[in-house]
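Down below is the structure, laid out as structure tokens.
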Amino acid sequence: MGLYHLIYQSRAVVSFSDAELAALLQQARTHNRKIHVTGLLLHSSDDRFLQILEGEDADVRQLYYQHILSDPRHCQCQVLGEGGCAERSFADWSMGFRLASAADLHELLQSGALNPPTRHGPKPTIRPELMERLLDFVETKTAC
Ligand SMILES: Cc1cc2nc3c(=O)[nH]c(=O)nc-3n(C[C@H](O)[C@H](O)[C@H](O)COP(=O)(O)O)c2cc1C
């Protein structure tokens, strides 16, 4: 057992309305509180999601691989990094949320932020650069 974080991106199959997004967040926050998972969800104007999940190893992996990955409301799920971590970066949030533009997401994921994807062998870990960009991003965007 240990702290673990996982970040992925995906695309909504059909655009989420504000009400659908609010319902998703409410359900996610209620469940995440129960399993002590924290994190951040970004949703972009071009229907993309970027989410970071952090918590106990088994809880994070079960949530993503058993539930979120098979959620029919989004597709093209791609893990950008995952692995053990020393501490939570979003400890106060059962699931923080920010709207982002397509350019915001592009900027967050541009060169230097990601380890190259691996076909075999160890999974890419989350680079500190990406965590720093995400933390800076949430500070500059007001919550909604
Ligand atoms: C982009 C996205 C992010 C989600 N994030 C979470 C989350 O952080 N926590 C959570 O419990 N469910 C989250 N969900 C909902 C799950 O995919 C799923 O609907 C929920 O866990 C219920 O799972 P089940 O239908 O397998 O029982 C998310 C769904 C989407 C589309």
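The values are calculated or read from the model by the stated rules, or taken from the named source; none is laboratory data. Note that this is a predicted model, so its numbers are computed, not measured. For neighbour counting, all protein chains shown are included, and Cβ atoms are generated from backbone atoms with ideal geometry for every residue, glycine included. To get the accessible areas, we keep the full protein, side chains included, count just its heavy atoms, and leave off ligands, DNA and RNA. Shrake-Rupley method; radii C 1.70, N 1.55, O 1.52, S 1.80 Å.
How big is the charge dipole of the chain about its Cα centre, in debye rounded to the nearest 20, if each Lys and Arg gets +1 on its Cβ and each Asp and Glu gets -1 on its Cβ?
It comes to approximately 320 debye.
Over the chain, with every protein chain in place, what whole percent of the accessible area is carbon and sulfur at 1.4 Å, could you tell me?
The nonpolar share, carbon plus sulfur, comes to 52 percent.
Report the label-to-label distance for R61 and D136 in nanometres (one decimal), using points 7 Å from each Cα along the Cα→Cβ vector.
Taking the two extended label points, one gets 3.3 nm.
Looking only at Cα atoms, what is the convex hull volume of segment 3-140 per residue, in Å³?
Output value, Cα hull per residue: 108 Å³.
Considering only protein heavy atoms, what per residue accessible area in square angstrom results for the chain with a 1.4 angstrom probe?
Per-residue value: 56 Å².
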